[in-house]
Amino acid sequence: MSLPRPARALAGAALIALAGLQPGLAAPRGDRFSVSGKGGPFIKAVAGRRLGVDAVGGPALGLASDALKRGDYQAARLRMPQTEAKVRALLDRIEARWPYAKTQPVTVRMVGIDYYSAYSLPDGSIMVGLGLLEQARSDDEVAFVLAHELGHIRLGHFAQNAGRAEKADETASRLGALYLIGSTAYGLGRGGSVGGALAAAGAKAEATSDYLHFLAKAMVEPTHSRVQEDEADALGFDLAQAAAFAADSASAQVFDTIQADQETRKATQNALTAQLKAQLGQLVNADTAQSFLSGGPSPQSLKQGLFKGAGRLALGFAAARQEDSGPRHRSPQARKKGIADYSADAYPGGLPLRDEQTAWLTQVRAAREYQDGPATVAAVRAAMKARGDGDPAGAERELAKAARTQFASAPLVVNEAARIRDDLRDTARADALFTRAEQSPDQSIDGYLDHARMFYRLGRDDRAMAILRQGIARFGADDKPFISLEVAVSRQEGRVGEARAYLDKCLAYDQPDLTKDCQEAAGELARAQPAPPKRALHLPSLPGLPF
């Protein structure tokens, strides 16, 4: 079955990169920590490596991560120069204990998400979630987390992963999971009380999926092997203790907090997934669908199509959970035990007894800039929740709290304000807000997609396509994040040849999730295409996980 107005986006698979064992490491068994400290501190054992150097001897700057290249992390970017400078100063204290050459500079960027998390990127950026600074109990915790991420950069993990990462590429699809949900209801549900109910149910389901998507994609961490994660833990421990931080107690507290943070995230995702299922149930209520779609597709066909898309959504977000994310991190408790065993072996004489410090964290939190950050994050999250509850007016009230901070002009805030106006059918104001966000260097791919989707739903296809063109140009002419919506827009406008050309290009990328999205966007056009060649299925590993 094919319905006329496709719509919603879903993030696809993240790259999976595995690295071989390094000298001085034992092969990992089960959940056992793989770095041995019996030969002394790990930081000394890596002296013979070609640190941060790729196969041809150049610095590890050539591999641009998908997150950086496509700007996914910008969905929650907050420019906080004062806070970033203070984090940088703490990092400098740690990095001063690195005894080898530094192959590239390191920068710090803040991410407006309440996750207890940080991650590094191949260009030397360390992305720090505001939740790390909010939930940390001491400077020592933050120091250990930063030292871990510095370890990935200085050990050359990105260069080691480059070959596999470049081949894998990250599927950028975001349209297909709710292809039959939001815009179908929005487009069809314009007349009468039944049509209005259908449109309202679709809008709520779409908003809930927006919220889930944001939680899964706000921090786009590259994937390392478990051996590399263990190396970063060990090196982070060495650097933190050498910089006079309480590495033993702080690392244990870090892993305990990660465990609690994971449980909180899982509960939130479960609640939103249950809400989405309930909203889908409302949307495919047989009586409503039959009354509204009389003479059209059967309610059962509508239901099958909707839940097929929802099933893909549920699988995608399930993969975002750490326990389903492949070879990256061990469980927090396994990491806690592993680093404790490593410490006992690497420092048999014991480490100095140190009290954990809080002076740096207290100073960071006292600044107005910092206080505005968590307030903004909380307001945006509350607005997203209100939208999913079908309360755009309430969402606007919540978001007004962010508008009173110095981050009122950040795309994180402005894009959400535009989505609320779109929910209220105020297209002119929504358009102005999206356009304003696009003037910022931090505008995200999702902002462009949602702006184009709004005009697509209204049948203003030329305007939708113009926005897609702007987004593609902004992100290095990489059209993968946009191509399924290009298929849908050209098909809706009746440009069949153009739609087929976009579909052919999409299939040529040979990425399973992206292929599904483009085929759904093409509708009956896709059924005339030859089936794409079969290939091994790679399970998605979505980001947004703790360091």
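Of everything in the range 337-348, what is part of a helix (DSSP H, G or I) and either closer than 14 Å to ARG226 by Cα or open to solvent by less than 50 Å² (accessible area, probe 1.4 Å) (or both)? Give them in sequence order.
Answer for the range 337-348, where residues must be part of a helix (DSSP H, G or I) and either closer than 14 Å to ARG226 by Cα or open to solvent by less than 50 Å² (accessible area, probe 1.4 Å) (or both): GLY338, ILE339, TYR342, SER343, ALA346.
Residue by residue, here is whether (1) part of a loop (DSSP other than H, G, I, E, B); (2) hydrophobic (A, V, I, L, M, F, W, C) holds:
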residue	(1), (2)
GLN406	yes, no
ALA418	no, yes
PRO441	yes, no
ARG453	no, no
Give the residues of the range 419-446 that are without any contact (Cβ under 8 Å) to a residue 40 or more places away in the chain, of a type in the set (Gly, Ala, Ser) and buried (at least 24 other Cβ atoms within 10 Å of the Cβ), sorted by residue number. ALA437
Note down all Cβ pairs under 9 Å where the first residue falls in the range 77-105 and is within 27 Å of GLY447 (Cβ to Cβ) and of a type in the set (Ser, Thr, Tyr), the second is assigned to a helix (DSSP H, G or I) and open to solvent by less than 30 Å² (accessible area, probe 1.4 Å), and they're at least six residues apart or on different chains. THR83/LEU130; THR83/LEU133; THR83/VAL364; THR83/GLU369; THR83/TYR370; THR83/GLY373
When restricted to THR376, THR405, the only residue touching a Phe, Trp or Tyr at 6+ places or on another chain (Cβ under 7 Å) and under 22 Å from SER440 (Cα atoms) is THR376
Residues of the range 351-392 classified as open to solvent by 50 Å² or more (accessible area, probe 1.4 Å), of a type outside the set (Asp, Glu) and either at pLDDT below 95 or part of a loop (DSSP other than H, G, I, E, B) (or both), total: 5
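Yes or no, residue by residue, for (1) at pLDDT 95 or above; (2) of a type in the set (Gly, Ala, Ser); (3) touching a strand residue (DSSP E or B) at 6+ places or on another chain (Cβ under 8 Å); (4) closer than 30 Å to TYR211 by Cβ:
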| residue | (1), (2), (3), (4) |
| --- | --- |
| GLU84 | yes, no, yes, yes |
| SER120 | no, yes, yes, yes |
| GLY124 | no, yes, yes, no |
| GLU134 | yes, no, no, yes |
Considering only residues that are surrounded by 20 or more Cβ atoms within 10 Å (Cβ to Cβ), aliphatic (A, V, I, L, M) and within 21 Å of the chain's Cα centre (by Cα), which ones fall in the range 469-521? ILE483, LEU485, LEU514
(1) open to solvent by less than 20 Å² (accessible area, probe 1.4 Å); (2) without any contact (Cβ under 8 Å) to a residue 24 or more places away in the chain: which one isn't true of HIS224, the others all being true? (2)
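Being among the charged types (D, E, K, R) and under 13 Å from THR427 (Cα atoms) is the filter here, so list the residues in the range 437-470 that pass it.
Selection gives ASP450, ARG453, ARG457, ARG460, ARG463.
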Quick one: in the range 236-287, of everything that is of a type in the set (A, V, I, L, M, F, W, C) and not in a helix (DSSP H, G or I), which residue is farthest from LEU361 (Cα to Cα)? VAL284
List every residue pair whose Cβ atoms sit under 7 Å apart, with the two residues 6 or more apart in sequence or on different chains, where the first one lies in the range 464-481 and is of a type in the set (Lys, Arg) and the second, anywhere, is surrounded by fewer than 22 Cβ atoms within 10 Å (Cβ to Cβ). LYS480/TYR509
Any chance ALA531 is more than 21 Å from the chain's Cα centre (by Cα) and modelled with pLDDT of 75 or more: no
Output for Cβ contacts, cut-off 7 Å, separation at least six or different chains, first residue modelled with pLDDT under 90 and of a type in the set (Asp, Glu) in the range 494-517, second part of a helix (DSSP H, G or I) and surrounded by 16 or more Cβ atoms within 10 Å (Cβ to Cβ), reads ASP517/SER484
Taking the range 95-137 as the region of interest, how many residues are farther than 23 Å from HIS329 by Cα and outside any loop (DSSP other than H, G, I, E, B)? 2
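The values are calculated or read from the model by the stated rules, or taken from the named source; none is laboratory data. None of these values were measured; they are calculated from a predicted model. Reconstructed Cβ throughout: ideal geometry from the backbone, glycine too, with neighbour counts over all protein chains shown. Just so you know, the surface numbers come from the protein's heavy atoms only, side chains and all, with ligands and any DNA or RNA stripped out. Shrake-Rupley method; radii C 1.70, N 1.55, O 1.52, S 1.80 Å.
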